[in-house]
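Reviewing the structure listed below.
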Amino acid sequence: MQADVVTLDVATPADEDFLWLMLTYAATLGSGGADQVAAAKADGYLRCYVEAWGTRPGDLGVIARNAAGQPLGAAWLRLGESGGPFKLSDQTVPELATAVVPGARGKGVGTQLLTALCAHARPHYKHIILSVRDKSPAARFYERLGWRVFKRMQNRVGGESLVMLLAL
């Protein structure tokens, strides 16, 4: 089933509130909402994915919107900083975060987001990295889009995650 996405816009600092909400879905903090956003903002590791979005070199993202202009999902990249909390990325390989609102899942929005983001990223980066919980169905989604398991690691909640890499 195809989503009725009509626009894919480059993410700007004005999209930061929506990126915080998407981070709650990406980090499996529950059903979103103010409490989960507050939890993400208070988490030193998660905070680095969104805080001051669009102000750091290398920030690159895409927002999917429906015909009414309502955001349906986001995919964004951020470079790690020297001494920063990112566990995967560094100053040359950005880390991906992505999520789609529950009502738009399974309709092609995620594929459209990642395809557009990769097209924007290709002139700037050779690779993109991400982590996903090992039992998450999203791992198969990423594999279908060309991501390959690079290694396994313990995640922030004590389980196991796959570290996946995409060559651009």
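The values are calculated or read from the model by the stated rules, or taken from the named source; none is laboratory data. From a predicted model like this one, the values you see are computed outputs, not experimental measurements. In this analysis, Cβ positions are derived from the backbone assuming ideal geometry, glycine residues included, and neighbour counts consider all displayed protein chains. In case anyone asks, the SASA skips ligands and DNA or RNA and just uses the protein heavy atoms, side chains included. Shrake-Rupley method; radii C 1.70, N 1.55, O 1.52, S 1.80 Å.
A few points about this structure:
- In nm, spacing of pseudo-spin labels at R144 and T7 (7 Å Cα→C-beta vector): 2.8 nm
- Sorting 145-151, 126-132 by their mean Cβ neighbour count within 10 Å, with the most densely packed peptide first, gives 126-132, 145-151.
- Stretch gain in nm, segment A167-Y45, where the contour uses 0.36 nm per residue and the Cα spacing is subtracted: 41.4 nm
- Distance (nanometres) between label positions extended 7 Å along Cα→Cβ at T28 and D134: 1.2 nm
- Calculated SAXS-style log₁₀ I(q)/I(0) at q = 0.12 Å⁻¹ - the chain, Debye, Cα scatterers: -0.48
- Springs join every pair of Cα atoms under 10 Å in this Gaussian network model of the chain, and among A67, A52, A116 the largest mean-square fluctuation is at A67.
- Point-charge dipole on Cβ atoms (K/R +1, D/E -1) for the chain, about Cα centre, debye to 20: 600 debye
- Net length gained if the chain between A67 and T55 were fully extended (0.36 nm per residue, minus Cα distance): 1.5 nm
- Dipole axis of the chain (+1 Lys, Arg; -1 Asp, Glu on Cβ), positive-most option in A104, P137, W76: P137
- Stretched out straight at 0.36 nm per residue, the stretch from R152 to H124 would grow longer than its current Cα-Cα span by 7.5 nm.
- Listed residue (P57, A38, L166) projecting farthest to the positive dipole end of the chain, Cβ model: L166
- Helical mean residue ellipticity (222 nm; -39500 (n - 2.57) per DSSP H run of 4+; nearest 500) of the chain: -7500 deg cm²/dmol
- Charge dipole (Cα centre; +1 on Lys/Arg Cβ, -1 on Asp/Glu Cβ; no other charges) of the range 27-83 amounts to roughly 120 debye.
- Take the chain with all the other protein chains still there, run a 1.4 Å probe, and you get 50 Å² of accessible area per residue.
- Most mobile of P57, P71, P13 in a GNM of the chain (Cα contacts under 10 Å): P57
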